[in-house]
Amino acid sequence: MQAAYAVSVIGAGGNIGSHLVGHLARMPEVARLVLVDHDVYEAGNLSGQDITNRDLGRPKAIVQARRARAINPTLDVAGVVARAQDVPLGKLRADVLLACLDTRVARQFVNMAAWRLGTPWIDAGVRADGSLVRIDLFVPGDEHPCLECAWGDADRDLLEAEFPCGVTNGEAYETAAPSSLGALAAALQALECQKVLSGADGCLSPGSQVVLDAANHRHLVTSTRRNADCRLADHGVWHIEPLIGPTKTIKLGDVLALGDRRSNGRSAVRLLGQRFARRLECTGCGEPKRLLRLARRLRPSDRRCAHCRAPLLASGFGLMDQLVRDELTQRDLDRSLHALGLRDGDVVTVDTGDRAT
């Protein structure tokens, strides 16, 4: 089969991802790879990840992108050094999303992103203390289960918990996974990805999970049903249309105008997984700083107090989930999307009160 598909890998440099990249680079169906990882390789990663000594100190996404190109020089590869939540949603668009992550909150974001983009995604994980490997397949759709459909209160209580797959100071983490277990998960994930891309028989049904018990040679397949009470209440897929021009030339007011006819001046702009900072407080002298910018994309000059040089933080009423037209000044409306921290490839939602576009 001629290469024709794009695949995005979130967590491309870890215990699973570092083994996965080589499989994808050799896959005839794949023409483009987007590899996302915010971390840098350390000496402790050598025991559980598919790297060499020369990779130490380098960004994981860049190392794996270089490796993919070495395997397949015709492959279009992009290495992105960032957390998934900080990558413009449009840059994650692909035919399949693959997640190799160590936090539930990151998986939650990928789940939302995949649903909004209408992209099937395959999650992979390992549990070292039981020699367990699992993959889950999710296919966006109104009636299909998503990741959060199976979550209860206990799962949400663990949203910020991390499950590292490396070692530190020469000693293994309690949850550390050996290289062989990560490789097994990567192989299983790659095989399922290939079936999704090619439309081959035997593909998992949406919401299904495969668990391999490597210690006891057991194999289990389960499935989740659509939960009407899922916190991702809207399981719909977005219809995404491009704005004409780069973010430096598009004004906030122009974007809000897209929803003004239906909202009577209450149209609002949102960005998935992001909040806007309206006010920062100095942790030293308490001096406030007023601004309007995405909180996760503050500039270096926004992070230090001009008076005492102490860190500036946004919290409480200084943060907003959306920008509502009638709460903004004309100066705010005249700001470019770039000045607000948006980047080319970001997908903004214009909310008119009764619908989002």
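The values are calculated or read from the model by the stated rules, or taken from the named source; none is laboratory data. All values derive from a computational prediction rather than experimental measurement. Positions of Cβ are generated from backbone atoms using ideal geometry, with glycine treated the same way; all protein chains shown enter the neighbour counts. The area values use the complete protein model at the heavy-atom level, side chains included, leaving out ligands, DNA and RNA. Shrake-Rupley method; radii C 1.70, N 1.55, O 1.52, S 1.80 Å.
For this structure, a couple of remarks:
- Among residues of the range 230-250 that are closer than 30 Å to PRO145 by Cβ, those with a beta-carbon under 7 Å from a residue that is open to solvent by 70 Å² or more (accessible area, probe 1.4 Å) and part of a loop (DSSP other than H, G, I, E, B) at least six positions away or on a different chain give the pairs HIS235/ASP142; GLY236/ASP142.
Rundown of residues vs (1) under 24 Å from ALA84 (Cβ atoms); (2) without any contact (Cβ under 8 Å) to a residue 24 or more places away in the chain; (3) of a type outside the set (Val, Ile, Thr), yes/no style:
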| position | (1), (2), (3) |
| --- | --- |
| LEU294 | yes, no, yes |
| CYS305 | no, yes, yes |
| PHE317 | no, no, yes |
| ARG325 | no, no, yes |
| GLY341 | yes, no, yes |
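- Any hit, the range 102-113, residues being open to solvent by 40 Å² or more (accessible area, probe 1.4 Å) and either within 15 Å of ILE16 (Cβ to Cβ) or modelled with pLDDT of 95 or more (or both): yes
- The residue that is surrounded by the most Cβ atoms within 10 Å (Cβ to Cβ), among those in the range 69-97 that are of a type in the set (D, E, K, R) and modelled with pLDDT of 95 or more, is ASP95.
- Among residues of the range 318-342, those that are farther than 12 Å from THR249 by Cβ and of a type in the set (Ser, Thr, Tyr), counted: 1
- Hey, VAL347 touching a residue at least 40 places away in the same chain (Cβ under 8 Å), buried (at least 19 other Cβ atoms within 10 Å of the Cβ) and not hydroxyl-bearing (Ser, Thr, Tyr) or not: yes
- Hey, LEU117 open to solvent by less than 30 Å² (accessible area, probe 1.4 Å) and either at pLDDT below 95 or among the aromatic types (Phe, Trp, Tyr) (or both) or not: yes
- Checked across the range 126-138, the condition of being under 30 Å from VAL350 (Cβ atoms) and either open to solvent by 20 Å² or more (accessible area, probe 1.4 Å) or modelled with pLDDT under 95 (or both) holds for no residue.
- Filter pass, SER18 being in contact with a strand residue (DSSP E or B) (Cβ under 6 Å, 6 or more places away or on another chain) and of a type in the set (S, T, N, Q): no
- Among residues of the range 140-150, those that are buried (at least 20 other Cβ atoms within 10 Å of the Cβ) and assigned to a loop (DSSP other than H, G, I, E, B), counted: 3
- Only residues that are over 22 Å from TYR5 (Cα atoms) and out of contact with any helix residue (DSSP H, G or I) (no Cβ under 6 Å at 6 or more places or on another chain) were counted in the range 59-85, giving 4.
- Cβ-Cβ under 7 Å pairs, at least 6 apart or on other chains, the range 175-204 side free of Cβ contacts under 8 Å to residues at least 24 places away in the same chain, far side open to solvent by less than 30 Å² (accessible area, probe 1.4 Å) and assigned to a helix (DSSP H, G or I): none
- Pick from the range 25-48, criterion closer than 20 Å to ASP102 by Cβ and over 21 Å from the mean Cα position of the chain (by Cα), ranking: most open to solvent (accessible area, probe 1.4 Å): GLU42
- Checklist (1) in a loop (DSSP other than H, G, I, E, B); (2) closer than 23 Å to GLU241 by Cβ; (3) open to solvent by less than 50 Å² (accessible area, probe 1.4 Å) applied to HIS338, failing item: (3)
- Condition broken by GLY22, with the remaining ones in (1) open to solvent by 10 Å² or more (accessible area, probe 1.4 Å); (2) at pLDDT 95 or above; (3) of a type in the set (Gly, Ala, Ser) satisfied: (1)
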